[in-house]
């Protein structure tokens, strides 16, 4: 189904705002070849997730629609799109920029922000536990222990 775009709601500055963030510099170089979408495992799972469409919306200036979309959070940051892009758009980095903009501009759901914080805390705790276990472990952990001790020197 075709969707009509209201030209009065477009933000012509949006693409330049994205390009101003580290990682978004090449967003305007996209010529919609679709290589990113073809390479994307997330788009294989969810047909609604379409990197080419997201970039096109950015270029058109659909700020509110892009930054409020739950699809922003479906990118798994795997780098497949970026590695295949003939224009070096770095879609993975553009998605990170869009997520940061969504948070900064109040578009990100508060529960999403809370979940991200919890995930960050969990990740740090797991790393600490794995390091402690490696340092206290037996023969199986000796190589890891030696590497960690070398880094800590």
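The values are calculated or read from the model by the stated rules, or taken from the named source; none is laboratory data. Computed from a predicted structure; not experimentally measured. For neighbour counting, all protein chains shown are included, and Cβ atoms are generated from backbone atoms with ideal geometry for every residue, glycine included.
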Note down all Cβ pairs under 7 Å where the first residue falls in segment 1-12 and is under 16 Å from residue 59 (Cα atoms), the second is at pLDDT 80 or above and not in a loop (DSSP other than H, G, I, E, B), and they're at least six residues apart or on different chains.
5/60; 10/60; 11/63
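So that you can scan it fast, the table gives a plain yes or no per residue for (1) in contact (Cβ under 8 Å) with a residue 12 or more places away in the chain; (2) loosely packed, with under 13 Cβ neighbours inside 10 Å; (3) within 11 Å of the chain's Cα centre (by Cα):
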{"position": "54", "(1), (2), (3)": "yes, no, no"}
{"position": "58", "(1), (2), (3)": "yes, no, no"}
{"position": "68", "(1), (2), (3)": "yes, no, no"}
{"position": "88", "(1), (2), (3)": "yes, yes, no"}
{"position": "94", "(1), (2), (3)": "yes, no, yes"}
Quickly run through segment 48-100 and pick out the residues that are farther than 25 Å from residue 111 by Cβ and not in a helix (DSSP H, G or I).
61, 79, 85, 86, 87, 88, 89, 90
The listed residue being over 20 Å from residue 5 (Cβ atoms) and surrounded by fewer than 16 Cβ atoms within 10 Å (Cβ to Cβ), out of 78, 40
78
Just the residues that are in a loop (DSSP other than H, G, I, E, B) and either under 17 Å from the mean Cα position of the chain (by Cα) or at pLDDT below 95 (or both), please, taken from segment 13-29.
21, 22, 23, 24, 25, 26
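Run down 83, 110 and say which single residue is in contact with a helix residue (DSSP H, G or I) (Cβ under 8 Å, 6 or more places away or on another chain) and at negative phi.
83
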Selection count, segment 113-125, where residues are out of contact with any helix residue (DSSP H, G or I) (no Cβ under 7 Å at 6 or more places or on another chain) and surrounded by 12 or more Cβ atoms within 10 Å (Cβ to Cβ)
2
Per the filter on segment 22-52, residues touching a helix residue (DSSP H, G or I) at 6+ places or on another chain (Cβ under 9 Å), farther than 16 Å from residue 92 by Cβ and without any contact (Cβ under 8 Å) to a residue 12 or more places away in the chain are 45
